[in-house]
Amino acid sequence: MTVPSFPPEFPWEPSRPEPRRDPLDLPQRGPQTGPSAADLLFDRRIVLANGRIDGDLATDLSARLIMLDGSGDGPIALHLRAPDADLEAAFAVADTMGVLSCPVNVVVIGQAGGPALLILAAGRSREMTPHATLLLTEPGTETGGAASDVAIHEEEYRRKVDAYYIRLAEVTGREVDEIRDDAREGRMFTAEQAREYGLIQAIAGHRP
């Protein structure tokens with residue numbers, strides 16, 4: 001007698017469980033092909049200087065300014081937010097601005113202070129947003145090594161500090177000693193105070 005066969009209720013091969021997915025294993029996105037914010041600003045002849053101005057940032061800023069100078073005669077807008085800067089780096093950016101054929105207009109956003117004020121002083125026009133601040137301080141320095149190297153560095157540092165004060169005196173119309181005394185006290189300026197002092201010419205967005 002033949003026993004009829006019936007299809008099994010479950011397959012002979014047990015089903016394999018799906019691999020457990022790590023909740024942090026997100027799908028990978030494709031490469032971003034759109035222009036960055038910096039690129040969009042650059043196309044509008046706007047350069048943003050954000051953070052402490054050191055040698056690397058000064059090189060990048062100078063390169064951007066030179067590229068824009070070579071691409072047209074229109075003015076460049078430099079938006080400055082630099083609470084501090086290396087003295088040599090600030091001079092490098094300011095000197096670059098001084099040799100460009102097109103004007104560079106500086107607008108302070110947030111806070112700018114210390115040697116970064118040299119970059120502000122180099123602008124064809126100098127403005128601040130209403131709630132920005134300026135901090136006038138004496139530039140600091142760090143050095144080490146042999147006594148002869150320290151002496152050379154100290155002499156060069158004092159020369160550049162004097163040039164820093166002279167440049168601010170030229171812009172503001174004030175005496176060098178007055179600016180030096182205010183810097184040693186670490187004087188803070190609101191936008192209105194900075195205009196009265198001569199560090200800026202206008203407050204951005206305010207009609208005269």
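The values are calculated or read from the model by the stated rules, or taken from the named source; none is laboratory data. What you are looking at is a predicted structure, and each value in this text was computed from that prediction instead of being measured. We work out accessible area using only protein heavy atoms, side chains counted, and drop any ligands, DNA or RNA first. Shrake-Rupley method; radii C 1.70, N 1.55, O 1.52, S 1.80 Å.
For the stretch 54-189, what class follows from the C-alpha gyration tensor (a ≥ b ≥ c being the square roots of its eigenvalues): rounded when a/c is under 1.5, otherwise prolate if a/b is larger than b/c, else oblate? Please list the in-between numbers first.
Details: a/c = 1.94, a/b = 1.32, b/c = 1.47.
Verdict is oblate for the stretch 54-189.
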- Message: Need one value: the accessible area of ILE152 in square angstrom, 1.4 angstrom probe, rounded to the nearest 10.
- Response: 110 Å²
- List MET128, MET188, ordered by accessible area with a 1.4 Å probe, largest first: MET188, MET128
- Sorting HIS153, HIS131 on solvent-accessible surface, 1.4 Å probe, most exposed first, gives HIS131, HIS153
- A correct Karplus calculation of ³J(HN,Hα) over the stretch 92-103, with 6.51 cos²θ - 1.76 cosθ + 1.60, θ = phi - 60°, whole Hz and x for Gly and Pro, returns 4, 5, 4, 5, 4, 4, x, 9, 6, 7, 9, x
- Could you state the accessible area per residue of the stretch 73-125 in Å², with a 1.4 Å probe and every protein chain left in place? 34 Å²
- Query: Out of residues 5 or more away from ILE53 or on other chains, whose amide H comes under 5 Å of its own, with H placed 1.01 Å from N in the peptide plane?
  - Reply: ASP84, ALA85, ASP86
- Query: Rounded, prolate or oblate: which fits the stretch 48-133 when a ≥ b ≥ c are the square roots of the eigenvalues of the alpha-carbon gyration tensor, with rounded for a/c under 1.5 and prolate only if a/b beats b/c?
  - Reply: oblate
- What accessible surface, in Å², does a 1.4 Å probe find on THR59, ignoring ligands, DNA and RNA and rounding to the nearest 10? 90 Å²
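Quick one: order TYR164, TYR157 from most to least accessible surface, probe 1.4 Å. Show your work: numbers first, answer last.
Values: TYR164 0, TYR157 30 Å².
So the residues, ranked largest to smallest area, are TYR157, TYR164.
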- Item | Extension gain (nm, one decimal) between ASP177 and ASP162, 0.36 nm per residue minus Cα-Cα | 4.4 nm
- Query: Considering only protein heavy atoms, what is the solvent-accessible area of ARG180 at a probe of 1.4 Å, reported in Å² to the nearest 10?
  - Reply: 40 Å²
